[in-house]
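The next block holds one structure in the form of structure tokens; read it before the comments.
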Amino acid sequence: MAMDVIMPKMGESITEGTVLEWKKNIGDTIALDETLLEISTDKVDSEVPSPAAGVLVEILFNVNDVVEVGTVIARIGGEGEDPVEKSPEVVKETLVVEEVAQVEKVPQVAPVVTSTSSSNEGGRFYSPLVKSIAKTEGISAAELDSISGSGKDGRVNKYDMMAYVENRSSAQVVTPTAVPIPHIPATPVQSRTPAVPGLTDRVEPMGRMRKKIAQHMLASQQTSPHVYSTTEVDVTNLVNFRIQSKDAFLEKYGVKLTYTPMILDACIKGIQKFPLMNASIDGDNIVHHQKINMGVAVALPDNNLIVPAIKASEEKNFLGLTRATADLAARARINKLEPDEIFGSTFTVTNPGIFGSLFGMAIINQPNVGILSVGSIQKKAVVKETEFGDAIVIRSMMYITLGYDHRIIDGAYGTRFLSRVTELIEAFDGSDIKL
């Protein structure tokens, strides 16, 4: 009797998934837990393993179809069970091939036999995604065999591959010479030795969200050459305005007055003058986004992190930014965000300063090319020029650090943008806010 394969639920807020690729064809045998297809949910690609061993007898959805969670997408039958008749799309392709064959007869050439198995000669199983990563990174079969797997029965998964590639890249030494060096097979670099837990240690598997964060952060480091610039900002005006206005603001508008929308407002105006900070990279192309979708990093109660986006933030006034920030942050902490609110940011602001950090060097939130990290506010004795000469005064100071993608943002451009944001923050006086 055939077993149904359903579209899995990959997260609390996920309601549908997109079929990216079927790894097996109708009539192919498949092992238990062998990769059957690859799906995309919320822009995160995932492999779906087979729930049973047998034969793939029916595929109910094509590539790029969007399928609701819980819907049957395929069926696995027992050995010897007849597959369901081919879909019209497949039949059409077969008829076209036969028609072409009748028009012109071509001398037959012995076909090149390629193995469709996902196992190497030694019998070790590798998923198509793992093999694709190995091919992209130039990892040989022998080198692949040396990688320790953390999956079921020691299988190598994509997280093992990403960790291996990271270690492998850091171990490579670039020799500045123009003389060609002959290729000499080297001993494969071993993956990082796993930590052996002690008798009193507690081993806890990563949760779904932490795995996603880990993958996203690692991918960003491998994608973007990060560069950082830092300025010290005099935020005395911001501090004084908030102290004087927070009660009246809350009473009139029903939302707390915080520093975040003040900083977002400065970033939006800075981006309008330096629009390349609002771009992203697609292959060899630069995508210039017309809307400024400000991502705001929110720390969650379970020690995870999420970055909801304020869409078209340039169209909002200060009150609109304040309400949007408060609303997204509140719903993020109780897991009530909509899927389309989690993605689509074009620039990100994160504020580790609220936890006491002097400054931070944040990892770029892909596919953004810039992220601003805000430090804690501290009172300092600083030197100010006055009409009577230099004077030492007490001011509220804060560091802001811009991380940017050096593939398209050079130091001069990034620093000019950061300087503009600094000027806007220091010039803030709240005069356009009605209380």
Taking the range 57-81 and the residues there that are among the hydrophobic types (A, V, I, L, M, F, W, C) and outside any strand (DSSP E or B), the one that is nearest to Met3 (Cα to Cα) would be Leu60
Note: among Glu387, Glu423, just one is farther than 22 Å from Met294 by Cβ, of a type outside the set (S, T, N, Q), in the same structural domain as Ser280 (by TED's automatic domain parsing) and surrounded by fewer than 20 Cβ atoms within 10 Å (Cβ to Cβ), namely Glu387
Residue count, the range 204-262, condition in a helix (DSSP H, G or I), of a type in the set (D, E, K, R) and in contact with a strand residue (DSSP E or B) (Cβ under 8 Å, 6 or more places away or on another chain), comes to 1
How many residues of the range 287-310 are more than 20 Å from Ala324 (Cα to Cα), assigned to a loop (DSSP other than H, G, I, E, B) and in contact with a Pro (Cβ under 9 Å, 6 or more places away or on another chain)? The answer is 1
Checking Asp410, Asp405 in turn, the sole residue that is at pLDDT 95 or above and closer than 22 Å to Pro308 by Cα turns out to be Asp405
Of the listed residues (Ile354, Ile342), the one being surrounded by fewer than 23 Cβ atoms within 10 Å (Cβ to Cβ) and farther than 15 Å from Met294 by Cβ is Ile354
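Quick grid of which residues meet (1) of a type outside the set (Lys, Arg); (2) under 24 Å from Asp405 (Cβ atoms):
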residue: His216; (1), (2): yes, yes
residue: Ala219; (1), (2): yes, yes
residue: Gln244; (1), (2): yes, no
residue: Lys252; (1), (2): no, no
residue: Lys256; (1), (2): no, no
residue: Thr260; (1), (2): yes, yes
residue: Asp265; (1), (2): yes, yes
Among the residues in the range 409-429, are any of a type in the set (Ser, Thr, Tyr) and in a strand (DSSP E or B)? no
Considering the range 311-345, residues that are over 17 Å from Ile213 (Cβ atoms) and outside any helix (DSSP H, G or I), and then whichever is modelled with the lowest pLDDT, we arrive at Glu338
Exception for Thr348 within (1) touching a Pro at 6+ places or on another chain (Cβ under 7 Å); (2) in a strand (DSSP E or B); (3) of a type outside the set (A, V, I, L, M) falls at (1)
Log entry, pairs with first residue in the range 275-293 being touching a residue at least 12 places away in the same chain (Cβ under 8 Å) and in the same structural domain as Ile408 (by TED's automatic domain parsing), second being in a helix (DSSP H, G or I) and of a type in the set (Val, Ile, Thr), beta carbons closer than 8 Å, six or more apart or on different chains, reads Met277/Ile271; Asn278/Ile271; Ile292/Ile268; Ile292/Ile271
Inspect the range 252-267 for any residue being of a type in the set (D, E, K, R), over 24 Å from Ala412 (Cβ atoms), buried (at least 17 other Cβ atoms within 10 Å of the Cβ) and at pLDDT 95 or above and give the result as yes or no.
-> yes
If you go through Ala412, Ala427, the only one that is over 23 Å from the mean Cα position of the chain (by Cα) and either hydroxyl-bearing (Ser, Thr, Tyr) or over 30 Å from Glu251 (Cβ atoms) (or both) is Ala412
Subset of the range 318-334, residues touching a residue at least 60 places away in the same chain (Cβ under 8 Å) and out of contact with any helix residue (DSSP H, G or I) (no Cβ under 8 Å at 6 or more places or on another chain), comes to Ala326
- Query: In the range 396-404, is there at least one residue being among the hydroxyl-bearing types (Ser, Thr, Tyr), in a helix (DSSP H, G or I) and under 15 Å from Phe274 (Cβ atoms)?
  - Reply: no
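The values are calculated or read from the model by the stated rules, or taken from the named source; none is laboratory data. Source: prediction; values computed, not measured. We place every Cβ from the backbone using ideal geometry, glycine too, and count neighbours over all the protein chains shown.
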